[in-house]
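Derivation of every value follows stated rules applied to the coordinates shown; laboratory data play no part. This structure is a prediction, so every number in the text was calculated from the model and none was measured. Note: ideal-geometry Cβ built from the backbone for every residue, glycine included; neighbour counts use all protein chains shown.
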Amino acid sequence: MTRVVVIGGGQSAEHEVSLAGAAGVASALRESGFAVDELTIARDGCWRSDDELLGESAVQSLRGALAVMAGADAVFPVVHGPLGEDGALAALCALAGLPVVGSALRAGAIGMDKWATKLVADAVGIRTARGRLVHLADIGEVEFEAPVVVKPVAAGSSFGVSLVTDAAQLRDALQLAARFDDRILVEEVVRGREIDVAVLHEAGGARWAAPPLEIRTASDSGLFDTTEKYDGSAHFTVPADLTRGRRAALTAAALRMFDALGCAGVARVDFFLTEDGIVLNEVNTMPGLTAQSQVPRMFAAAGVGYGELVSRMVRAAISTRARA
């Protein structure tokens, strides 16, 4: 029986989101016939197995976690944000010689960095919002003409993101973003439809995109913020109502970003569809993976259910290791 270790939790602001996703993945894999062990990373960095603390410190508990992972056919990290999605866990698995489900270190690190992702997008001909990188030490000297969106360079679930419509709001927005990262991105506001595209890397190397999903927010601002991501007020339409040409263009752009970053597993590529064309928002190399999250909804629309989706991700990780 194929044995998979699922990791959830983590030290980022997305800890609770990760726990929900990891629980869903573990349950779905068991129902699909996999043997599953679960590990949780607490907010203080200590690892647990079945609610049992594996050591009195992060270092000691990591030793215990590696013992649990030893001999696994694959490790499935469902950990979002810094020290998870940014390639840290993928690097740990690579050093331990363990197949990891999802993107490797390079793709995770670049994809988590919104500024670096913009540079990659520009290099492959995909437009992004005009923006500027601001360091924590300089936020007292920064001035921008509103409206702008202020966001941490490396954070997820819209934590620390603000829509600034008045110059007087700028300082507070910068300070909020600085709580999550000492590098801050200030971007022009892009007006357009929010369209997500999910890409799956299959065993054997093929990758394909599910039907796009459109997000409609309940707030007047149009900002898909942390609250709306989890309170159920946002409305998702999948498949999105798109012409054949627009769907093809969005799919092509998503695949181009997936390949340029070197992603594996699944990635969610978020766009704005404007009157002037496609604008990349960001790339999530470890997107939300509860059954109700956007990525599983998109693949369900393509006839691939939740259990089958996570099973394919595991098989792809094992297949990649076998070919190496």
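Assorted remarks:
- Of all DSSP beta bridges in the chain, antiparallel share, percent nearest 5: 75
- Cα-based convex hull, the chain, per residue volume (Å³, whole number): 133
- Magnitude of the charge dipole, the range 113-211, Cβ model with Lys/Arg +1 and Asp/Glu -1, debye to 20: 280
- Magnitude of the charge dipole, the chain, Cβ model with Lys/Arg +1 and Asp/Glu -1, debye to 20: 1200
- Three-way shape label, the range 75-200, alpha-carbon gyration tensor, a/c 1.5: prolate
- The chain - percent relative contact order, Cα under 8 Å, separation 6 or more: 19
- Likely footprinting exposure, Phe236, Phe180, fewest C-beta neighbours within 10 Å first: Phe236, Phe180
- Cleavage-rule hits, trypsin sites (Lys or Arg not before Pro), the range 162-216, DSSP coil, Cβ neighbours within 10 Å at most 16: Arg179, Arg191
- At R0 = 25 Å, FRET efficiency that the Cβ-Cβ distance of Ala91 and Glu308 yields, to 0.05: 0.30
- J(HN,Hα) series, the range 311-316, from Karplus relation 6.51 cos²θ - 1.76 cosθ + 1.60, nearest Hz, glycine and proline x: 5, 5, 4, 5, 4, 5
- For Glu194, Glu52, order by how many other beta-carbon atoms lie within 10 Å, fewest first: Glu52, Glu194
- Cβ-based exposure ranking for Met69, Met257, Met1, in which fewest neighbours within 10 Å come first: Met1, Met69, Met257
- Taking the Kirkwood radius as Rh and the Cα radius of gyration as Rg, the range 131-188 has a ratio of Rg/Rh equal to 0.90.
- For the range 7-12, backbone phi angles converted through the Karplus equation (6.51, -1.76, 1.60; θ = phi - 60°) give residue-by-residue couplings of 10, x, x, x, 9, 8 Hz, Gly and Pro being listed as x.
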